[in-house]
Amino acid sequence: MDNRSATRRDQEIVSAINRRTAAGLTVVGRALEGRLGGAIYAEWPDGRPAVVTRWLSSLAEAHRTVEVLDFVRDRGLPVPRHDLVVALDDGVVLVQERLPAAPWRRLTTARIDAIVEINDRFAGALAARPDVPVPPLRLHRRAGPSPSHETLERYSPRSRRVLDQILRLGAGDATDQVGPDLVHVDLS
């Protein structure tokens, strides 16, 4: 999709959100990175930044996920506020708080360590929420191609060793995460 087509598509999505919710969002740009080709940067009428992302599952699952994220956010974990969950004709979108950040240029050991440190804060986060279903681990290759596997293979000898350990763990019968930890799907 060229830039004009992407811009037009972003405008259509935000217009559809506004028609369904009267949110009054305006498009201000697009993230260049992301699993779905980048998120839409938007702005609320009062100037607050927002980000619009596609949800890859059902509307009910989106609502449940937002409710769980609100739960952990209220307990001090670093999770953006989710303002809207909107069903559009071609899927579900989330409108969430856009936190200040800059895209990283290179994944470094320090950045990986920071990700692990933040992720460690989510250990046990769902102990009071046994109603939250456990997501599949997707550790092994037979689950299909994985962009994270490809990234780890290409990055460095250390990341290839980590991938080898992941695949070795996934070679058994482990198909579900175990315990009350909250894990970001991009880190699964």
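The GluC sites (Glu not before Pro) of region 14-78 meeting both criteria, a DSSP state outside H, G, I, E and B (loop) and at most 14 other C-beta atoms within 10 angstrom of the site's C-beta, are E33.
Shown for region 67-113: the carbon plus sulfur share of the solvent-accessible area, taken with all protein chains present and a 1.4 angstrom probe, equals 51%.
For region 1-98, would you read off the P(r) tail past 18 Å as a percentage of all alpha carbon pairs? Mind dumping the intermediate values first?
Working: 2192 of 4753 pairs.
More than 18 Å apart: 46 percent of the Cα pairs in region 1-98.
Note that region 78-117 presents 65 Å² accessible area per residue, ligands and nucleic acids not counted, probe 1.4 Å. Computed from the Cβ-Cβ distance with R0 of 35 Å, the FRET efficiency linking R160 to N3 stands at 0.50. Cα gyration tensor of region 84-133, axes a ≥ b ≥ c as square roots of the eigenvalues: rounded (a/c below 1.5), prolate (a/b > b/c) or oblate? Because a/c hits 1.5 or more and a/b fails to exceed b/c, region 84-133 counts as oblate.
The values are calculated or read from the model by the stated rules, or taken from the named source; none is laboratory data. Just so we're clear, the structure is a prediction, and the values are computed from it rather than from any experiment. All Cβ positions, glycine included, derive from the backbone under ideal geometry; neighbour counts span all protein chains shown. Accessible surface areas use protein heavy atoms only, side chains included; no ligands, DNA or RNA. Shrake-Rupley method; radii C 1.70, N 1.55, O 1.52, S 1.80 Å.
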